[in-house]
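The values are calculated or read from the model by the stated rules, or taken from the named source; none is laboratory data. Quick caveat, the model's predicted, so the values are computed rather than measured. In this analysis, Cβ positions are derived from the backbone assuming ideal geometry, glycine residues included, and neighbour counts consider all displayed protein chains. For the accessible areas, the whole protein counts, side chains as well, though only heavy atoms, and no ligand, DNA or RNA atoms are used. Shrake-Rupley method; radii C 1.70, N 1.55, O 1.52, S 1.80 Å.
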Amino acid sequence: MSDYILGTHDAELARLQLQHALWRPAAQAAWRRAGLGPGQRVLELGAGPGLAALELARAVGPAGRVLGLELSPAYVAAGQAVAEREGLEQLELRRHDLRTDPLPAEGFDLLWCRWVAMFLPELEPLLDQLAPALRPGGTVLFHEYLHWDTFGLHPHGAAIRRFGQAAQRSFREAGGDPDVNRRLPALLAQRGFQIQELRPLPVLGQAGSMAAQWMGSFVAVYGEQLQRLGLWSAADAAQAAAEVSEAQRAAGSYWMGPTLLELRATK
Ligand SMILES: C[S@@+](CC[C@H](N)C(=O)[O-])C[C@H]1O[C@@H](n2cnc3c(N)ncnc32)[C@H](O)[C@@H]1O
């Protein structure tokens, strides 16, 4: 089953891999700031095919444990296959629906969640389970968006701008909140968490950069889904493609991504 709006097809898997490569340094810096180290127990929410979980598993080593919870059985199978191939017994991917299934209470040291809370129609039932899942003094670390409206291609990206609006609308119509990290810090504070870090993570890149490839591939891959949803048209897609080609020729053009927020809190 997958009623996850971005889908789990091969093109989306390839897009997630590019996305992870672009954001890997930011994730690794966040894990360092959170004190990730050998022997720790990490819970990942919405782990996808286990791209971050694999690196977390290497960081905690054989004495640690990483449990990645994920809705899509195809992603769980892909992640488990990598764990087995790499001989990482400390890594487990498990089928789990964050909307309904209870979080395992295993006294985790660190909970990691990236680009997942934005898809959840209700946050409160999940947030109420965070503290019980952690050891006393444990840490939660979110990389979720704060300001999707910064998504754009400058200076000539009218269709790309409309694409960003259509993407946000699709997330909201599916019950999510693209700017969910505006609310998460206060919701955690209400649950007794101490906010340790609020760090904006902007991304920007000229044609040919990894950032530009990531955003261009998002427009191409998710554009098809937006057309199926009636939020984007073939004419819009053609105009967006023309803007992307023009930006590749015009010096000084650049993409800016939706702005991410690193949120770290302890309980
Ligand atoms: C944009 S991907 C991010 C994947 C991964 N966190 C990463 O950083 O690469 C969002 C993931 O959240 C998962 N997801 C969405 N809703 C979920 C739910 N209710 N329960 C569990 N996972 C969910 C999707 O299946 C998808 O793998």
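Some notes on this structure:
- Mean Cα-pair separation over length for the chain, i.e. relative contact order, pairs under 8 Å, 6 or more apart, %: 21
- Compared with the alpha-carbon gap, the fully stretched path from R183 to D149 is longer by 10.6 nm at 0.36 nm per residue.
- Segment 200-260: relative contact order in percent, alpha carbon pairs under 8 Å with at least 6 residues between: 61
- For the chain, the longest principal axis of the Cα atoms and the long axis of helix 10-33 meet at an angle of about 60 degrees.
- Total formal charge among the other residues, if their Cβ is under 13 angstrom from that of T150, Lys/Arg +1 and Asp/Glu -1: -1
- Segment 111-267 shape via C-alpha gyration tensor axes, a/c threshold 1.5: prolate
- Gaussian network model of the chain, springs between alpha carbon atoms under 10 Å - residue of T139, T150, T100 with greatest fluctuation: T100
- Between D97 and S245, the contour length at 0.36 nm per residue exceeds the alpha carbon distance by 49.3 nm.
- Segment 1-91, accessible surface, carbon-and-sulfur percent (1.4 angstrom probe): 55
- Inter-label distance for S233 and A21, nm, one decimal - labels placed 7 Å from Cα along Cα-to-Cβ: 3.6
- Spatially, segment 66-103 and segment 138-208 are offset by 25 Å when compared through their Cα centroids.
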